[in-house]
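Below is one structure, written out as structure tokens, with a few remarks after it.
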Amino acid sequence: MCPYHGGAEKGVVLTWHRSLKIAVGAVALAAAGFAGYLLVDGTQGATAAAQGDCIEVVSAAEARIVRADCGSPAAIYRVGKRIDNPAAACPTGEYSELTTGAAKLCLTLNTKEGDCLTTTAAGRNQVHRRVACDRTAEFRVRKVISGKQDSTLCDPGNVVASYSEPPATICLTNQI
């Protein structure tokens, strides 16, 4: 599991309930972020993806991906690091891992401030998806900090996705 971090709530009457919601959200986001060992489209999927490429999940049930334009709403992940040893670990951070027989992709969220996300599940695979910022959204991206991996840059109560390669920190909230 990816260790997403939630900050502590201040002393409010509903602290426990709000903290519980944040913790549940953090666990859901962490579970969705961990893709595990997947099968992918060998022509445009993991075997063709390089560091910096953006990824669209074509089918969560079949764990099929294709490279996509990073500005596309469907390109929810970016390859933070490609490792040509599927047994090796991703660098420090909350990467989603996508493994083929030949390589492992350490994926970061490809988001910008204001994006809203939800998670979808199909079989054993759970993935993030951009959605409208309405009641279907689970999280809103509050801040994206490039060049730094530092969870303290996010407000207390935020869910944090931080990555060491390339360094980045994404602050999310479940207050849509």
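Residue order for ASP53, ASP134, fewest other beta carbons within 10 angstrom first, comes to ASP134, ASP53.
Across all C-alpha atoms in the stretch 46-173, the radius of gyration and Dmax reach 14.1, 41 Å. About the centre of its Cα atoms, the stretch 46-173 shows a dipole size close to 80 debye [charges on the beta carbon of Lys, Arg (+1) and Asp, Glu (-1) only; nearest 20 debye].
What is the stretch 121-176 by shape, rounded, prolate or oblate, if you read a ≥ b ≥ c off the alpha carbon gyration tensor as root eigenvalues and call it rounded for a/c under 1.5, prolate for a/b larger than b/c, and oblate otherwise? Here the stretch 121-176 falls in the oblate category. Projected label points at ASP134 and ARG82, each 7 Å from Cα along the beta carbon direction, are separated by 3.9 nanometres.
None of the figures in this text is laboratory data; all of them are computed from the coordinates on show. Note that the structure is predicted; figures quoted are calculated from it, not measured. FYI the Cβ positions are ideal-geometry reconstructions off the backbone, even for glycines, and counts take in every protein chain you see.
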